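Step one of this worksheet: look at the structure below.
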Amino acid sequence: MFYLSKIFWLLVQPLSLAFFFALVGSLLAFAGYRRLSGLSGALGALLLFVTLYTTTGNVLLQALEERVPRPAQEPQSVSCMVVLGGAVENDVMSTRGGIELNAAADRYTETLRLALAHPQAKILISGGDGSFSGRYEGEAGASDRFFSVLGVSSDRLIKENTSRNTFENTLNTRELLAQQGLSDCLLITSAFHMPRSLALFNKAGLSVTPWPVDYRTQGNVTLGLDLTQPSLNAQNMSTAVREWLGLLGYYAAGRIDWPF
């Protein structure tokens with residue numbers, strides 16, 4: 001199922017679909033089907049325009065980010081934090097070493113802030129190697145270096161380094177929390193990823209306090225044209241479509257109780 005989901009996403013992400021329509025249009029043109037060729041090309045161009053030059057992706061992403069708000073007050077006490085992986089560049093670190101964070105770095109920086117404010121709290125880092133090859137170190141391995149060099153003792157870390165997706169994050173985290181006797185943790189992940197993560201944790205019977213981070217939108221985006229940042233629009237569209245498809249797919253598979 002893991003590899004099928006990877007292949008499915010490779011094929012259905014917006015830019016891949018736009019390429020597919022363009023390719024089909026070219027083949028139909030060579031075969032002499034002019035009208036079908038024009039229709040396929042037009043669909044590809046429309047999808048590319050919506051992805052690059054409108055705020056559609058930002059609106060879809062914003063809808064996810066607004067679903068689970070962060071608590072208004074800082075927590076008075078924290079016994080444990082669960083941090084979902086996705087914040088490091090495993091492929092870069094495999095050749096260059098060090099610690100390379102990506103756009104989801106807030107998952108780590110906010111955890112670090114809370115860890116320093118609550119020195120008694122345990123930190124469970126959940127994330128292995130989610131690549132096709134499976135040859136990278138994994139997120140939880142890199143986390144030890146990140147947190148220890150910034151003053152968080154290694155004995156506070158619980159490392160779950162085998163999960164490849166959010167569903168496996170949840171199952172493996174449940175097992176480790178039971179082994180450690182921990183409960184009522186903060187759940188820290190990107191705001192757009194929080195609805196799916198929280199639904200999975202609820203389905204697994206884990207009581208957590210959502211602590212969303214890594215917001216990608218301003219919170220007041222409306223649908224319209226945006227000619228200023230096509231590459232960012234494409235990235236946000238891809239992230240939003242992937243997350244919405246993940247919600248629907250997990251609901252269809254019975255892994256969560258609510259997609260909306």
Hey, does the range 70-88 have a residue that's within 21 Å of Leu10 (Cβ to Cβ) and not assigned by TED's automatic domain parsing to the domain that holds Leu17?
yes
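Output the residues belonging to the range 65-97 that are assigned to a loop (DSSP other than H, G, I, E, B) and hydrophobic (A, V, I, L, M, F, W, C).
Listed by number, the residues that qualify are Val68, Ala72, Val78, Ala87.
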Just one of (1) more than 30 Å from Ile123 (Cα to Cα); (2) within 17 Å of the chain's Cα centre (by Cα); (3) not in a helix (DSSP H, G or I) trips up Gly32, so point out which.
(2)
Among residues of the range 57-89 being modelled with pLDDT of 95 or more and either of a type in the set (Val, Ile, Thr) or at positive phi (or both), the residue surrounded by the most Cβ atoms within 10 Å (Cβ to Cβ) is Val83
Taking the range 213-260, which residues are part of a helix (DSSP H, G or I), more than 16 Å from the chain's Cα centre (by Cα) and closer than 28 Å to Lys203 by Cα?
Tyr251, Ala252
Of residues in the range 170-188 being among the hydroxyl-bearing types (Ser, Thr, Tyr) and within 21 Å of Ser77 (Cβ to Cβ), the one modelled with the lowest pLDDT:
Ser183
Scanning the range 90-123 for residues that are over 21 Å from Thr239 (Cα atoms), at pLDDT below 90 and among the hydrophobic types (A, V, I, L, M, F, W, C) gives Met93, Ile99
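The values are calculated or read from the model by the stated rules, or taken from the named source; none is laboratory data. The shown structure was predicted, so the numbers you read here are calculated from the model rather than taken from an experiment. FYI the Cβ positions are ideal-geometry reconstructions off the backbone, even for glycines, and counts take in every protein chain you see.
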